[in-house]
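Below: one structure, written as structure tokens.
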Amino acid sequence: MARLLNTSHLALHSGIRLFTDRTTKIRIKEMDKTLLQHGFDMNLVEQTATPFYYYDMDILSETLQEIQRQTRGYPFTVHYALKANGNPHILKVIANHGLGADLVSGGEVKAAIEAGFDPKEMTFSGVGKTDWEIKLGLENNMGCFNVESIPELEIINQLAAEMGMKANIAFRVNPDIDAHTHKYITTGTADNKFGIGIEVLEQTVMHALALPNIHLRGLHFHIGSQITMMQPYAMLCDTINDLLDFYDERGIHFEMINVGGGLGIDYTEPDQHPIPDFDQYFGTFKRQLRLRPGQRLHFELGRAIVGGCGSLISRITFVKESRNKRFIILDAGMTDLIRPALYQAHHEVQNLTAEPGSPTKTYDVVGPVCESSDVFAQDRALPVSHRGDIVAIRSAGAYGESMASQYNMRQLPSCVFANDKYYKKSRI
């Protein structure tokens, strides 16, 4: 017989940041004495060669169910942004929950079709779509191309004409809103390469309406990633409301509005807040966006769906002390998880081998790659650690496996899927 361990998490002290609490029920076999407080099945962890990605499929399922609950009864369509994580098994789980797909390459189009996403609920974004990618979208009757420039619009019209088709499009509008996030993941200001400026939007809309092989469905926006405050979304709603008023006066109706994604996750307290506060997120649009009759509101969420369910698991190869620093050297490196090196991103690091309450020391946690930027954490207080200890780098479900590389001719990490009923292991 199995018993249930209830782990109650601390309440969020502020209503501003977009994370939600939950009580986790972890199913534990009576014979398993090695499950630690962070919810990892240590039998599964210890029998898997490191480094590898560990996906908690219960968290993923709960996240998807919460999205369904929040959007039920509203004219909302949620698309999963495949760039966050394209693992085939995860894609199939998300597709089975009825989400659409947000795509940025021909490879992602093929992966989404293979996973079972409905092409009519696919959106194709990106500033540099090639001819073959556009044709692939047209051949599959894709729901919408998010168009980012007049040259792209004209090429789509040309290719659609050659194929005897009419292309569904939305214009990606650059609203010049600063989401106050890292400069590499800010996408909605006038200095970014993305989208069409509001100052030229009217003439672009009129141009599209005159093209014979274009069906203009709506407007698309995306202001950035890892957004944890609601103010940028409220500002976006105000901008969209003004634009809808403007086009109403000119007799132009859009059947859809797409607000993109960007909702952040809690990288600091993953155990307490594994699922974002979708109530606050969707509630902002419910309250502040004035949709017209018959209009649907589309979302493109990636990190918020998969970020919390994944962890990178590694073993300590060496503990090294220099004159000024103490290093934990892992067998995982920036080739497995590049976010800290690329974005200076914070991830919680947990020693799964150490007993709770163990004494701590201050470490830099680094990888083996021949780059000084191969650092996961600096000056981090961790339990006293030893060679062979197992370490989890948390909140790595998004932009972890999908950005892995074979630099230094390193092998790509494997992955495992765990939940309370079965465990499945696969090599990517």
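The values are calculated or read from the model by the stated rules, or taken from the named source; none is laboratory data. Source: prediction; values computed, not measured. Cβ atoms come from the backbone with ideal geometry, glycine included; neighbour counts cover every protein chain shown.
At-a-glance table
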| quantity | calculated |
| --- | --- |
| Search result, residues across the stretch 159-172 that are part of a helix (DSSP H, G or I) and surrounded by 15 or more Cβ atoms within 10 Å (Cβ to Cβ) | Leu159, Ala160, Ala161 |
| Matching residues, the stretch 71-103, being free of Cβ contacts under 8 Å to residues at least 40 places away in the same chain and either more than 16 Å from the chain's Cα centre (by Cα) or assigned to a helix (DSSP H, G or I) (or both) | Arg72, Gly73, Pro88, Leu91, Lys92, Val93, Ala95, Asn96, His97, Gly98 |
| Filter result (crowded, with 18+ Cβ neighbours inside 10 Å and of a type in the set (Gly, Ala, Ser)) within the stretch 87-105 | Ala95, Gly100, Ala101, Ser105 |
| Failed item, numbered, when Val259 is tested on (1) buried (at least 20 other Cβ atoms within 10 Å of the Cβ); (2) within 23 Å of Gln231 (Cα to Cα); (3) free of Cβ contacts under 8 Å to residues at least 40 places away in the same chain | (3) |
| Residue ranges of strands (runs of 3 or more DSSP E) in the stretch 343-393 with at least 3 members surrounded by fewer than 20 Cβ atoms within 10 Å (Cβ to Cβ) and under 25 Å from the mean Cα position of the chain (by Cα) | 375-383 |
| Criterion (crowded, with 21+ Cβ neighbours inside 10 Å, in the same structural domain as Val93 (by TED's automatic domain parsing), of a type in the set (Val, Ile, Thr) and at pLDDT below 95) met by exactly one of Ile196, Ile156, Ile214, Ile185 | Ile196 |
| Residue among Glu30, Glu66 that is among the acidic types (Asp, Glu) and modelled with pLDDT of 90 or more | Glu66 |
